[in-house]
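Just passing along the structure, written as structure tokens.
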Amino acid sequence: MHSGSALPTTHPLVDGRTAQSALVQAYQGVRPERRPIWMMRQAGRSLPEYRAVRAGIPMLESCLRPELVTEITLQPVYRHSVDAAIFFSDIVVPLKLAGVDVDIVAGVGPVMGSAVRTKADVERLRPLEAEALEPIVTAVGMLTAELAATPLIGFAGAPFTLASYLIEGRPSRDYVHTKAMMRDDPEAWEALLTWAAGVTGTFLRAQAMAGASAVQLFDSWAGALTHDEYQAFAAPYSTSVMAAVSDLPVPRVHFGTRTRDLLVAMRDVGATVMGVDQHTPLDVANDLLGGRTPLQGNIDPDLLAADWDVLADHTRDVLRRGLAAPAHVVNLGHGVPKDADPDVLTRLVALVHEEG
Ligand code: CP3
């Protein structure tokens with residue numbers, strides 16, 4: 001796996017630090033002795049130490065300060081003993097670094113200075129220059145120096161999800177403008193998604209080259225598309241993002257919510273592992289995928305607030321169903337809610353380590 005790899009010889013996957021880790025093994029379809037677990041949004045508002053270091057610093061600014069990114073990324077690794085760190089950043093960071101007027105408003109999400117609605121709007125978008133990624137590359141380097149045998153997961157947003165933020169201008173429930181551009185202005189759509197694929201692929205590759213041992217592509221809103229719409233209007237661009245890292249020996253996870261009908265199509269854009277949300281049991285997902293794709297998921301985040309026995313029984317059910325797949329990385333079905341009790345998260349990780 002290492003010969004001919006374009007990764008630097010000092011990369012944790014190449015120099016031996018993370019290649020035998022439970023996470024990387026499971027992502028490669030080998031069942032490790034102990035089932036690995038990490039949680040989407042494990043860093044963030046559920047942790048008091050996060051709220052303390054973020055106080056007074058806007059979200060996107062915090063993502064561009066390498067020392068702060070390093071500290072925040074490591075907080076849940078130390079507190080919960082999870083089997084991976086996920087890079088603290090956001091899917092809109094590469095848009096910001098390409099010069100897009102975007103802000104993350106607390107309690108709302110990404111908000112654009114002006115929505116991208118026409119071909120002329122798309123033509124004003126600039127490419128992402130490699131130099132702009134300097135804070136990202138620096139932070140990944142600082143992290144891999146601290147993490148030793150614990151792998152760092154890099155991530156990016158898929159072109160469809162990014163385009164939906166750019167077109168709607170803010171988080172949306174119905175994607176009216178997105179679906180209108182998709183249907184009525186194929187030239188603008190193609191130009192916008194091609195631009196988004198370039199920007200987000202560059203961001204993902206930079207993290208992999210700088211030391212991430214796996215990458216995850218988030219297409220959070222793909223579930224708003226039918227299978228045919230996904231194939232026509234999203235898959236070609238996600239294929240190009242996966243291709244931006246497919247020459248590297250780095251596992252490629254793909255995740256979205258409410259994607260039962262899209263799992264095969266999302267795997268076939270070039271993913272090597274599928275993330276599954278809590279709406280599809282893992283054994284069902286495994287059958288849909290033909291039994292050959294390692295899975296990640298899918299503890300229901302809503303049950304973090306339930307009685308411990310309910311959460312523990314549900315987790316055992318997830319572990320049992322995960323045995324159907326070639327290998328299984330335990331995660332939540334979506335991100336940690338901001339009001340989750342951190343002690344419950346620590347206890348959940350311990351349960352998976354004992355029983356997984
Ligand atoms: O710990 C981790 O998982 C890594 C960090 C991470 C963040 N965003 C940090 C963040 C990751 C992987 C993301 C991805 C992301 N960002 C997605 C895909 C994953 C998903 O949840 O479906 C999406 C859709 C976004 C866009 C976005 N950014 C939203 C919807 C929000 C929430 C807005 C809010 O305040 O409720 C953000 C902000 C954001 N990104 C926060 C964090 C920790 C909260 C900001 C804060 O701390 O004030």
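The values are calculated or read from the model by the stated rules, or taken from the named source; none is laboratory data. Since the structure is predicted, the reported quantities are computational estimates derived from the model, not experimental observations. Note that we place each Cβ from the backbone using ideal geometry, even for glycine, and neighbour counts take in every protein chain shown. The accessibility values were calculated without ligands, DNA or RNA, using every heavy atom of the protein model including side chains. Shrake-Rupley method; radii C 1.70, N 1.55, O 1.52, S 1.80 Å.
Among the residues in the stretch 119-126, are any touching a residue at least 24 places away in the same chain (Cβ under 8 Å) and part of a loop (DSSP other than H, G, I, E, B)?
Yes, the conditions are met somewhere in the stretch 119-126.
Within the stretch 294-314, can you find the residues that are touching a Gly at 6+ places or on another chain (Cβ under 9 Å) and touching a residue at least 40 places away in the same chain (Cβ under 8 Å)?
Scanning the stretch 294-314 gives Pro294, Gln296, Ile299.
Right, another one. Given the criterion closer than 24 Å to Glu123 by Cα and either in contact (Cβ under 8 Å) with a residue 60 or more places away in the chain or not in a strand (DSSP E or B) (or both), identify the matching residue among Ala212, Ala197, Ala206.
Checking each option against the conditions leaves just Ala197.
Please go through the stretch 97-109 and pick out each residue that is within 12 Å of the ligand (Cβ to nearest atom), open to solvent by 10 Å² or more (accessible area, probe 1.4 Å) and in contact with a strand residue (DSSP E or B) (Cβ under 7 Å, 6 or more places away or on another chain).
Asp103, Ile104, Val105
Out of all the residues in the stretch 153-163, is one or more of a type outside the set (Lys, Arg), within 16 Å of the ligand (Cβ to nearest atom) and free of Cβ contacts under 8 Å to residues at least 60 places away in the same chain?
yes
Scan the stretch 242-251 and tell me whether some residue there is within 12 Å of the ligand (Cβ to nearest atom), touching a residue at least 40 places away in the same chain (Cβ under 8 Å) and not charged (D, E, K, R).
Among the residues of the stretch 242-251, not one is within 12 Å of the ligand (Cβ to nearest atom), touching a residue at least 40 places away in the same chain (Cβ under 8 Å) and not charged (D, E, K, R), which makes the answer no.
Please determine, by comparing only the residues of the stretch 44-70 that are in contact (Cβ under 8 Å) with a residue 40 or more places away in the chain and more than 12 Å from the ligand (Cβ to nearest atom), which one is nearest to Ile86 (Cα to Cα).
Applying the filter and picking the extreme gives Thr70.
Against the condition within 10 Å of the ligand (Cβ to nearest atom) and more than 23 Å from Val330 (Cα to Cα), how does Ser89 come out, does it pass?
no
In the stretch 308-356, which residue that is under 25 Å from Phe218 (Cα atoms) and of a type in the set (Lys, Arg) is most open to solvent (accessible area, probe 1.4 Å)?
Looking at the filtered set, the residue picked out is Lys338.
It is to be established whether one or more residues within the stretch 159-166 are open to solvent by less than 10 Å² (accessible area, probe 1.4 Å), within 19 Å of Val102 (Cα to Cα) and touching a strand residue (DSSP E or B) at 6+ places or on another chain (Cβ under 7 Å).
yes
Do you know which residues across the stretch 110-137 are open to solvent by 50 Å² or more (accessible area, probe 1.4 Å) and β-branched (Val, Ile, Thr)?
The answer is Thr118, Val137.
Restricting the search to the stretch 168-187, which residues are among the basic types (Lys, Arg) and in a helix (DSSP H, G or I)?
Lys179, Arg183
Do you know which of the residues in the stretch 297-307 that are of a type in the set (Gly, Ala, Ser) and not in a loop (DSSP other than H, G, I, E, B) is least open to solvent (accessible area, probe 1.4 Å)?
Gly297
Additional query: Using the structure shown, decide if Asp268 is under 28 Å from Gln20 (Cα atoms) and free of Cβ contacts under 8 Å to residues at least 40 places away in the same chain.
Yes: the conditions hold for Asp268.
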